[in-house]
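One structure is given below, encoded as structure tokens.
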Amino acid sequence: MKRILCKPSVLVLVIAALILMMMPATALARPNGNHNWSPWTEVFAPSCEVDGEESRHCYSCGQDRRTGQWNTVETQAIPAIGHAWGEWGGTEPTCEDDGYRERLCGNNEAHLDHEVLPALGHLWGEWVVTKEPTVDEKGERVRVCDRDETHIEFDEIDKLEPEEEEEEEAEKKKEPVSPVTPKTGDATKLMGAFASVFVALSFVTTGFLARRKKNKS
Ligand SMILES: [Zn+2]
Ligand SMILES: [Zn+2]
Ligand SMILES: [Zn+2]
């Protein structure tokens, strides 16, 4: 019985020894850094603007028996995914009021892209004089915005200096008017007035004389 039992036990030992010799051969044959990696797994997800992280561990380097931590772990960044902006909305700026535009992120509604669009300012056309100034009254001029016809600006024009009007009148006088007859006309009017006064006086005196004659007789 002893002999029979011995033979298989020797065989087992030989096989076990061979396995033990093979095992370190395969393990030690790996060059340093040639690990047996797990697939990458996400540690935390990337957001629109912040990178995420993923890790993998080496099966060959094994785990710590007490903590369960893998002995060789590698991590790398998962690039930020960037915003998924929707369509722009908002209001256009006008001459005097700012506008704005904004859009929402499809990945996260808390992400709002908001821009102020500065007021454009008026685009004034040429001044048009609506009332010419005189020496006595101010004039007025008006201009209209090319962006919006309801934007109208009024402005006063200063009164003319008296000299300016005199000059204008002088220019008018230079224009040929009727010949210099008014003087003779005035003379004849004067003569007529004198004549009528003379006639009236003569009537009064003759009447007075007539009455005196009647009183005497
Ligand atoms: Zn390893
Ligand atoms: Zn986003
Ligand atoms: Zn305007």
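For Glu153, the conditions (1) at pLDDT below 95; (2) not in a helix (DSSP H, G or I) are fulfilled apart from (1).
Taking the conditions (1) within 16 Å of ligand 2 (Cβ to nearest atom); (2) surrounded by 13 or more Cβ atoms within 10 Å (Cβ to Cβ); (3) within 30 Å of Leu120 (Cβ to Cβ) in turn, Trp88 satisfies each one other than (2).
Given the structure, is Phe203 of a type in the set (Phe, Trp, Tyr) and at pLDDT below 65? Before you say what the answer is, go through the steps one by one.
Details: of a type in the set (Phe, Trp, Tyr): yes; at pLDDT below 65: yes.
Yes: the conditions hold for Phe203.
The values are calculated or read from the model by the stated rules, or taken from the named source; none is laboratory data. From a predicted model like this one, the values you see are computed outputs, not experimental measurements. Every residue, glycine as well, gets a Cβ built from its backbone with ideal geometry; the counts of neighbours run over all protein chains shown.
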